[in-house]
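Take a look at the structure set out below.
FYI, it's all coordinate maths here, none of it is from the lab. No experiment lies behind these values; they were computed from the predicted model shown. Ideal geometry is used to build each Cβ from the backbone, glycine not excepted, and the neighbour counts take in all protein chains shown.
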Amino acid sequence: MLTLRNLIAGSAFAVFAVAIAACGGGGTTIQAPTPGPTCSPGEAVQMVYPIPGATGVTDNPQQFVFAVASPLPNTWNAYINTSDSLSGSVQTYAGMETIPASNVPSPSATPSISNPYYQSITLTGGFSSGETIYVWLNNESSNCTPLGPVGSFTTQ
């Protein structure tokens, strides 16, 4: 039976849920990856920062950096998770931006791509200590499943 008290409580919950969704979870949005063929950048992509497989990475790396043979458009972003599964992964808001080699944080991996372009995805939040973070690349302008994981690292 619908009562005034239930109506007010339900309305308050709905307003709260919309407010939380509008906040975007501190720079990320929870959204299931698109099922379909795997996203393909059409070239080799290597994660260079944080170094794949690294341990003791700062809890707040502020960005992911990739080496590519030619720049990807900013419609490419990342999915991240604490397991090597896309299930439960979180999408980043920021897309790829080309940066000069001098802006790649240290330490970083040395790419095997000749004359690479460096591209960064800015992160708006950090991670918990002792977490292993897995990273996939995603093309927002395509109905594809994110590529990866292209790298993982463990925070300090």
Discussion item. Show me, for the range 43-53, the HN-Hα J-couplings you get by feeding each phi into the Karplus relation (A = 6.51, B = -1.76, C = 1.60, θ = phi - 60°), rounded to Hz, glycine and proline as x.
Written reply: 7, 6, 10, 10, 6, 10, 8, x, 4, x, x
Discussion item. How long are the semi-axes of the equivalent ellipsoid of the range 31-154, defined as square roots of 5 times the Cα gyration tensor eigenvalues? Whole Å, largest first.
Written reply: 20, 19, 12
Response to the item:
For the range 106-138, listing chymotrypsin sites (Phe, Trp or Tyr not before Pro) in a DSSP loop whose Cβ sees at most 11 other Cβ atoms within 10 Å gives none
Worksheet item: Points 7 angstrom from Cα along the Cβ direction at Ser142 and Ser102: gap in nanometres?
Response: 3.4
Discussion item. Could you give each residue of the range 115-120 its phi-based ³J(HN,Hα) in whole Hz, using Karplus coefficients 6.51, -1.76, 1.60 with θ = phi - 60°, and x for Gly or Pro?
Written reply: 6, x, 9, 10, 10, 10
Practice prompt. Evaluate the distance, in nm, between pseudo-label points positioned 7 Å from the Cα of Ala44 and of Gln62 along their respective Cα→Cβ axes.
Written response: 2.9
Worksheet item: Rounded to whole Å and sorted largest first, what semi-axes of the equivalent ellipsoid does the C-alpha gyration tensor of the range 91-130 yield via the square root of 5 times each eigenvalue?
Response: 22, 14, 9
